[in-house]
Amino acid sequence: MDWAFLSFQFLTIIPIKTKRSVSEKDIARSAMFFPLVGAFQGLILSLSCLILNFFFSSSLTGGIIILIYVLLNGGFHLDGLSDTCDALSVKSTGNEAYDRMQRLKVMGDSTTGAIGATAICLAILLKYLFIKELFVAGRQFNPYFMLFLMPIFSKWAIVLSMRLGKSARTDGLGNIFLQYGKIANLVFSTIFTIFLSFFPYLFFLMIASQFVNTTPGSHVWALSMFCIVEIVILYVLCHLLIRWFTSKFGGLTGDSFGAIHEVSEFIFLMIALLWR
């Protein structure tokens, strides 16, 4: 339970504290519960969206949902995306070691540059448009359920990256997750992701079958294919991003995980919109 509490403490603004001392290995092991944190965030987003849609238009609802999401995680991942983009904007001098050192220095700077600020604006705008489009256009899956799944899969992508990547620094939270993260983290987070993807959907179908004539088998098969495609594409995406970040920074940092999280959510929403 301490590992679960640590994951909520790390990824949200909820003031949860453990009663015992925490080691670096405990912090790393908390990563297996990241999809559970994503399910909590997704539940808040979907329920908030359901309530807001009774009172406001889809445009205004989408904007409020983005605000809730940013407040819920304290802009943690957006900050990582911003710092990563600022570091990537450092021009190459031809000296690979020097360039990596300069990029890591920019990434560690507390100030936000023009590129980083632009990245935040574009990230919020794109996510807003994706979410709005989910509710405007008819899709195979319930848009509220897609909003619930979005944070789960993006958190799983972070755990996957922790297993596939190496650290660019010898200190920081990112280094702790990369140094002490084990295959068990990825295995358990994958199990949580699959369970959280299907159990709520099966429960919804069971309730819906009491009122309308539904065929759960076909729905479950469609959801299975959707989840498989999402996992495969996110796996490839993480591989590509890790190779790119490694070439630029010599490895991954905590900010890299924030960038991977945000890009993963764009890809998840895009696939959900394209799915037929």
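Throughout, read-outs are computed from the coordinates displayed, never taken from laboratory work. Model, not experiment: these values are computed from the prediction. Note that we place each Cβ from the backbone using ideal geometry, even for glycine, and neighbour counts take in every protein chain shown.
Neighbour counts of other C-beta atoms within 10 Å: give me Phe76, Phe33 arranged from fewest to most.
With the sparsest Cβ surroundings first, the list reads Phe76, Phe33.
Taking the chain as a Gaussian network, where each spring joins two C-alpha atoms under 10 Å apart, which residue of Met32, Met101, Met150 fluctuates the most?
Of the options given, Met101 has the highest mean-square fluctuation.
Among Val229, Val90, what is the fewest-to-most ranking by other Cβ atoms within 10 Å?
Val229, Val90
For the chain, set up a GNM with springs between Cα atoms under 10 Å and report which of Phe226, Phe153, Phe130 has the largest fluctuation.
With Cα springs under 10 Å in the chain, the top fluctuation among Phe226, Phe153, Phe130 is at Phe226.
Separation between the Ile228 and Leu240 pseudo-spin-labels, each 7 Å from Cα along Cα→Cβ, expressed in nm?
2.2
Over what distance in Å are the Cα centres of region 152-178 and region 220-256 separated?
About 12 Å separates the Cα centre of region 152-178 from the one of region 220-256.
Can you tell me the dipole magnitude for region 2-274 around its Cα centre, using point charges on the Cβ only (Lys, Arg +1; Asp, Glu -1), in Debye to the nearest 20?
400
May I ask which residue of Ser57, Leu47, Gly181 lies farthest towards the positive end of the charge dipole of the chain, with charges of +1 (Lys, Arg) and -1 (Asp, Glu) on Cβ and the Cα centre as origin?
Working it through, the farthest residue towards the positive pole turns out to be Gly181.
Arrange the following residues from fewest to most other Cβ atoms within 10 Å of their Cβ: Glu133, Glu262.
Arranged by neighbour count, lowest to highest, Glu133, Glu262 become Glu133, Glu262.
Cut-off 10 angstrom, C-alpha nodes, Gaussian network model of the chain. Which of Ile51, Ile13, Ile183 fluctuates the most?
Ile51
Classify the chain as rounded, prolate or oblate, taking a ≥ b ≥ c as the square roots of the eigenvalues of its Cα gyration tensor: rounded when a/c is under 1.5, otherwise prolate if a/b is larger than b/c and oblate if not.
The shape class here is prolate.
What is the sum of charges, Lys and Arg at +1 and Asp and Glu at -1, for the other residues whose Cβ falls under 12 Å from the Cβ of Leu237?
So the environment of Leu237 carries a net charge of -2.
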